[in-house]
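FYI, it's all coordinate maths here, none of it is from the lab. For clarity, every value in this text was computed on a predicted model and none was experimentally measured. Heads up, the Cβs are rebuilt from the backbone with ideal geometry, glycines too, and the neighbour counts pull from every protein chain shown.
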Amino acid sequence: MSPAQFDPTADFADPRVAANILAAGAVLWRPAADGGLEIALVHRPKYDDWSLPKGKLDPGETPMITAVREVAEETGLNSRLGRYLGHVTYPVTGHRRLKRVDYWAARVVDGKFESNTEVDELDWRRLDTVMDALSYPMDRSIVRNFLRQPADTTHLLLVRHAKAGRRDRYAGADDERPLEKAGRTQARALVPNLLAFGAAEIVSAPPVRCVQTVTPLAEKLAVDVELEPLFSESGYAAAPDAARKRARDLVSEDSVRVICSQGKVIPDLLDWWAAEDGISLPPARNRKGSVWVLSFHQGRLVAADHIDRALTPTP
């Protein structure tokens with residue numbers, strides 16, 4: 001599976017090898033004083049090993065939420081997720097199936113390490129020493145994925161509006177069609193997942209279903225939703241070049257912005273962006289309520305990660 005596509009069920013269609021323990025973690029990094037970067041490794045006294053911070057999903061959590069929570073619990077540091085780095089699977093003693101751990105790049109935001117029952121030491125390692133310090137080859141493979149792209153990336157979160165029922169069953173103007181019950185649930189579920197990536201500002205196409213999709217996030221952040229007609233299906237069709245320029249202009253080094261748009265806009269916008277900047281997109285159904293995490297370095301798109309089923313809480 002490409003690191004750019006996240007589907008927690010993809011490799012385990014065969015029930016004989018299905019992962020029955022799901023976990024998530026991060027390559028936690030910070031800039032070094034000399035302009036390089038350092039990666040945090042944690043020492044677990046229970047196993048006497050050095051590894052990347054990670055932990056099991058709690059009931060109702062998605063892997064993104066777990067990754068941020070576990071980093072904070074093990075290191076005392078708050079972080080913001082970036083690129084998806086792939087997953088590892090391995091058998092666990094005492095279990096008949098497998099453990100799966102999904103990883104993201106995560107930049108430190110703030111906080112301070114304090115020794116705890118799970119982790120008694122945190123060591124910031126430079127890139128030339130981190131591989132030898134890690135106890136497990138699987139962790140090294142994740143760090144290699146991290147190093148394939150620049151660490152210092154900016155991000156844009158592109159959301160397709162949540163479920164709004166069938167167009168032919170709504171009597172009013174289509175732009176006034178609201179979210180249905182399932183869509184309102186999706187909109188609420190988006191909030192902690194988008195916050196895991198540092199969502200801070202919101203731009204939405206004007207249709208009601210788009211605005212309602214990001215309203216719970218706006219309320220959580222206490223910010224306004226900026227309306228952008230260019231991101232509606234009609235606005236995009238009338239002026240695609242202007243819409244593409246507007247989307248690129250929203251990429252910021254100072255803020256993580258969320259764009260909520262529609263099903264006939266997102267695939268074309270992403271195809272154009274990927275072709276312009278020379279990357280390949282992972283296969284994706286672009287279902288309602290799904291998210292693209294777009295990562296940029298010096299204004300160029302370097303990774304596009306699609307999050308779909310991951311937004312459904314794990315039983």
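Restricting the calculation to Cα atoms, every distinct pair contributes to the Kirkwood radius of segment 22-102, found to be 13.7 Å.
Largest first, the extents of the alpha carbon coordinates of segment 85-173 on the three principal axes equal 63, 39, 30 Å. Shown here: the chain, whose C-alpha atoms stretch 63, 47, 35 Å along the first, second and third principal axes, sorted largest to smallest.
Judged by the mean number of other Cβ atoms found within 10 Å, the most tightly packed of the peptides 249-258, 178-187 leads the ranking 178-187, 249-258.
All distinct Cα pairs of segment 196-310 go into the 1/r average, and the inverse of that average, the Kirkwood radius, is 14.5 Å. Potential lengthening of the chain between S135 and A275 amounts to 46.5 nm, from the contour at 0.36 nm per residue minus the alpha-carbon distance. Computed per residue of the chain from DSSP H runs no shorter than four, each worth -39500 (n - 2.57), the mean residue ellipticity at 222 nm is -8500 deg cm²/dmol.
Can you pull out the chymotrypsin sites (Phe, Trp or Tyr not before Pro) in segment 220-294 whose DSSP state is coil and whose Cβ has at most 14 other Cβ atoms within 10 Å? Hits after loop and neighbour filter: nothing returned. For R83, neighbours were defined as the other residues whose beta-carbon sits under 15 Å from its Cβ, and their charges (Lys and Arg +1, Asp and Glu -1) total +1. Residue ranges 212-220, 161-169, 146-154 sort as 212-220, 146-154, 161-169 when ordered by packing (mean number of other C-beta atoms within 10 Å per residue, highest first). Restricting the trypsin sites (Lys or Arg not before Pro) of segment 15-73 to loop positions (DSSP other than H, G, I, E, B) with no more than 13 neighbouring Cβ atoms within 10 Å leaves K46.
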